[in-house]
């Protein structure tokens, strides 16, 4: 009888743990587009703070959703520096402005507040392409 109660307790505990999940952050994303309104497809959007980096990739409409180490992980509230990078073409060249690929030069920052904002839209200036 004790063994049955022990097994039941373990199963109940595992059920609670698995239903709450590991992700404790917020679902957060936005749209990346060029200054002429064209969506940026295939870009990697990175939000970086002093502890961790959260990434997302834009789809055909320029939409991205951030995640941590797993797709379940959301992004916690806080101050972030933001970078947007584009993989090079097959020829190794990119027409995407380099300045956005680094948090040091992008000029992009975002404060994520719990339950206040759920998106950060980014406009890429084509004129800044090198």
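The values are calculated or read from the model by the stated rules, or taken from the named source; none is laboratory data. Given the structure is predicted, the values throughout are model-derived calculations rather than measurements. When we count neighbours, we look across all protein chains shown, and the Cβ atoms used for this are built from the backbone with ideal geometry, even at glycine.
Annotations for the structure displayed:
- Test: residue 15 is in contact with a helix residue (DSSP H, G or I) (Cβ under 9 Å, 6 or more places away or on another chain) and either over 15 Å from residue 121 (Cα atoms) or modelled with pLDDT of 75 or more (or both): no
- Which numbered condition residue 81 misses (of (1) within 13 Å of the chain's Cα centre (by Cα); (2) surrounded by 16 or more Cβ atoms within 10 Å (Cβ to Cβ); (3) within 20 Å of residue 39 (Cα to Cα); (4) at pLDDT 95 or above): (3)
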